[in-house]
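Since the structure comes first, as structure tokens, the remarks are kept for the end.
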Amino acid sequence: MSEQGPELEIVHLLRKVTMEFGLRQAEFAARHGMHPTDVRALVCLLDAERSGTEATAGRLGAELGLNSAGTTSLIDRLERLGHLTRTRDPRDRRRVLLAVTPSAVELGWAAFGPVIGSAVALLRDYDEREVAAVRRFLGGFLTAVSEPDGGGPGGAGPGSAGPGSAGPGSAGPGTTKPGSAGPGGTGPGSTGPGSAKPGSAGPGGTGPGSTGPGSTGPGSAKPG
């Protein structure tokens, strides 16, 4: 076996983190009567809220790689569980806007908050240049794995280790794009439901919220 340089070691470490987060996200989903894609949906909605983007069923379905029937089924399920609300857009009554409920955010934060807090604590030990380097690397890698061809030569091919190597619960019912990743990035994330508190990675990045996904889990954006 050829020796790996530090670059590949980092890529493989990132894959391990992604897979571990995916496992946690799948366990969170099962514990609360959800499919892993439900958690990923919550993360997407939390990410949209943090960025000030209005979330509609069409936009959510496109992000998850679901067809119209699959998206409707997912939204109905999350609404029944009390994790999502639908409201008419006051500026255009034909549009329905989606939002994660505060209780779902708290649920995600309770599950993914400790690990997200650990990540935040690690980053606080880095200086500004180190934090910028981490952000630049993760942002560039995200762009590469988001491209249809996996970033081209040197991108995330089979066995390469990029997030999205798929952990448990990658695609959900109604998925139309093979390999659409499972929740996360986060958890209802980007790394989990809730990145730093709910709102990011949570049932989101890795859990709802995100740091994760989608941070990381539902309700990522607490700390910070």
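The values are calculated or read from the model by the stated rules, or taken from the named source; none is laboratory data. Quick caveat, the model's predicted, so the values are computed rather than measured. FYI the Cβ positions are ideal-geometry reconstructions off the backbone, even for glycines, and counts take in every protein chain you see. In case anyone asks, the SASA skips ligands and DNA or RNA and just uses the protein heavy atoms, side chains included. Shrake-Rupley method; radii C 1.70, N 1.55, O 1.52, S 1.80 Å.
Amide H contacts of Leu66: Thr176, each under 5 Å away and 5 or more positions distant or on a separate chain (H built 1.01 Å from N in the peptide plane; Pro and chain starts excluded). Over all orientations, the stretch 1-51 has a Cα convex hull whose mean projected area works out to 5.3 square nanometres. A simple rule links phi to the HN-Hα coupling: the Karplus curve 6.51 cos²θ - 1.76 cosθ + 1.60 with θ = phi - 60°, which for the stretch 141-148 gives 5, 4, 4, 5, 6, 7, 6, x Hz, with x for Gly and Pro.
At what distance in angstrom do the alpha carbon centres of the stretch 1-71 and the stretch 94-151 lie from each other? Computed from Cα coordinates, the inter-centre distance equals 10 Å.
With a 1.4 Å probe and all protein chains kept in place, how do Arg124, Arg40, Arg135 rank by accessible area, largest first? List each step's numbers first, then the result.
Values: Arg124 175, Arg40 35, Arg135 155 Å².
Largest to smallest exposure gives the sequence Arg124, Arg135, Arg40.
In this simple spin-label model, placing a label point 7 Å from the Cα along the Cα-to-Cβ direction at both Leu81 and Ile10 gives a separation of 3.5 nm. Comparing the stretch 1-96 with the 2.2 N^0.38 Å rule of thumb, its C-alpha radius of gyration ratio is 1.41 (two decimals). Accessible-area rank, largest first, for Asp89, Asp127: Asp127, Asp89, with all protein chains present and a 1.4 angstrom probe. Each other residue within a Cβ distance under 15 Å of Leu23 adds +1 if Lys or Arg and -1 if Asp or Glu, for a net charge of +3.
Computed from backbone phi, the HN-Hα couplings of the stretch 39-53 come to 5, 4, 4, 4, 5, 4, 5, 5, 4, 5, 4, 5, 8, x, 9 Hz, rounded to whole numbers (Karplus: 6.51 cos²θ - 1.76 cosθ + 1.60, θ = phi - 60°; Gly and Pro given as x). Spin-label model, Glu20 to Arg135: label points 7 Å out along the Cα-to-beta-carbon direction sit 2.5 nm apart.
Spin-label pair Asn67-Glu128: with each label point 7 Å from Cα along the Cα-Cβ axis, the two points sit 5.2 nm from one another.
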